[in-house]
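Trainee: Below you will find the structure I want to go over with you.
What follows is calculated from the coordinates using simple rules that are stated; it is not laboratory data. If you're wondering where the values come from, they're calculated on a predicted model, not measured in any experiment. Cβ: placed from backbone, ideal geometry, glycine included. Neighbour counts: every protein chain shown.
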Amino acid sequence: MNIADFFPKKQLGQNFLIDDNIRRKIIQACNLSKEDNVLEIGPGLGKMTKDLVILAKDVIAVEKDKRLTLYLCELFKDYKNLKILNQDILKYKIKTKNTKIMGNIPYNITSPIIEHFINQKEKISVIYITIQKEVGERIVASPGTKDYSSFSLFVQYHTIPEIKFLISRGCFKPQPRVDSCFLELSIRDIPAVKVKNEELFFKIIRTCFNQRRKMISNTLKKIITAQKITELSQQTGINPSNRPEDLSLEEFGRIADFVQSC
């Protein structure tokens, strides 16, 4: 394939990073060594891949676009520590422990990708991704803010998220309509809070945030009786007139443990 004739596919969310200064900044932030196994999501034109194969021990690059896969296979045919796969990243299962994940994530599947890899967190040490700025802000949001959501709680339960720096939309081609950020998700050795029933814990969070403007006393009626809600307040000290966006991970954990004991 003549790369000069390549046109990005909008349906694949292809916005390639073209700013070399930002690329170098990303590589520096990842602090790679020859002991690292890296999974690259969507290598695209291979500029970041070129850095990874030099710095890391082994690299697996997963590219959904068959045209780009053929191009990358030819471009990197002499590198023995690189495997290029033509595959949907949402179907990829990690095989190597302590894998570092890197990638410029398509905006339209950011949340599914993050969830997909958090569900494989036992094989991952850290996730470094470039995502839409607004999504990054939602992930790191604190209680009491407009960006705080059930997804914030899910990611913060499993990881320590940090926005390392912002990236202007002009650093990509084609240029997206929004700015981006470079996000680090460090996998926690143990979850942020200890709960008796993790499935119930997230069910309660989702139930509450599905009606985030309502008091939790109203949303919890779908799960426990009004009498139990009164007991919840007495035993946990949580005000039932609070809205879900006011509650921390720890407070949702106390609610879930109370419900579990009912």
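Trainee: Counting other C-beta atoms within 10 Å, and keeping those with at most 16, which DSSP coil trypsin sites (Lys or Arg not before Pro) do you find in segment 140-233?
Mentor: Counting only loop positions with at most 16 other Cβ atoms within 10 Å, the trypsin sites (Lys or Arg not before Pro) in segment 140-233 are Lys146, Arg177, Arg188, Lys194, Lys196, Arg212, Arg213, Lys214.
Trainee: Do the alpha carbons of any pairs in Lys95/Lys133; Lys25/Lys146; Lys64/Lys95; Lys80/Lys164 sit beyond 27 Å of each other, and which pairs?
Mentor: Lys95/Lys133; Lys25/Lys146; Lys80/Lys164
Trainee: Would you kindly derive the ³J(HN,Hα) couplings of segment 75-83 from the backbone phi angles with the Karplus curve 6.51 cos²θ - 1.76 cosθ + 1.60 (θ = phi - 60°), listing them in order in whole Hz, with x for Gly and Pro?
Mentor: Calculated HN-Hα couplings, in order: 4, 10, 5, 9, 9, 7, 9, 10, 10 Hz.
Trainee: Please state the relative contact order of the chain as a whole percent: Cα pairs under 8 Å, 6+ residues apart?
Mentor: Here the relative contact order equals 15 percent.
Trainee: If you count, for each residue, the other Cβ atoms within 10 Å and average over each peptide, how do 112-118, 79-85 line up from highest to lowest?
Mentor: The densest-packed peptide leads the list: 112-118, 79-85.
Trainee: Using a cut-off of 10 Å between beta-carbons, work out the net charge of the residues near Asp179 (Lys and Arg +1, Asp and Glu -1, Asp179 not included).
Mentor: That works out to +2.
Trainee: Among Ala29, Ile94, Gly136, whose Cα projects farthest towards the positive end of the dipole of the chain, with charges put on the beta-carbon of Lys, Arg (+1) and Asp, Glu (-1)?
Mentor: Going by the Cα projections, it comes out as Ile94.
Trainee: What list of ³J(HN,Hα) couplings, whole Hz, do you get for segment 249-262 from phi and the Karplus terms 6.51, -1.76, 1.60, once you set θ to phi - 60° and write x for glycine and proline?
Mentor: Per residue, the Karplus-derived 3J(HN,Hα) values read 4, 4, 5, 5, x, 5, 4, 5, 5, 5, 4, 4, 7, 5 Hz.
Trainee: Assigning unit charges at the beta carbon (Lys, Arg +1; Asp, Glu -1) and nothing else, what dipole magnitude in debye, to the nearest 20, does the chain show about its Cα centre?
Mentor: For the chain, the charge dipole is close to 500 debye.
Trainee: In straight Cα distance, which aspartates and glutamates are under 13 Å from Lys83, not counting same-chain residues fewer than 8 positions off?
Mentor: Result set, ordered by chain and number: Glu40, Asp58, Glu63, Glu74.
Trainee: Amide H to amide H under 5 Å from Lys164: which residues, 5+ apart in sequence or cross-chain, H placed 1.01 Å off N in plane?
Mentor: Phe182, Leu183, Glu184
Trainee: Mind checking which lysines have their C-alpha under 17 Å from Lys77, skipping anything on the same chain fewer than 8 residues away?
Mentor: Cross-link targets: Lys47, Lys50, Lys57, Lys66.
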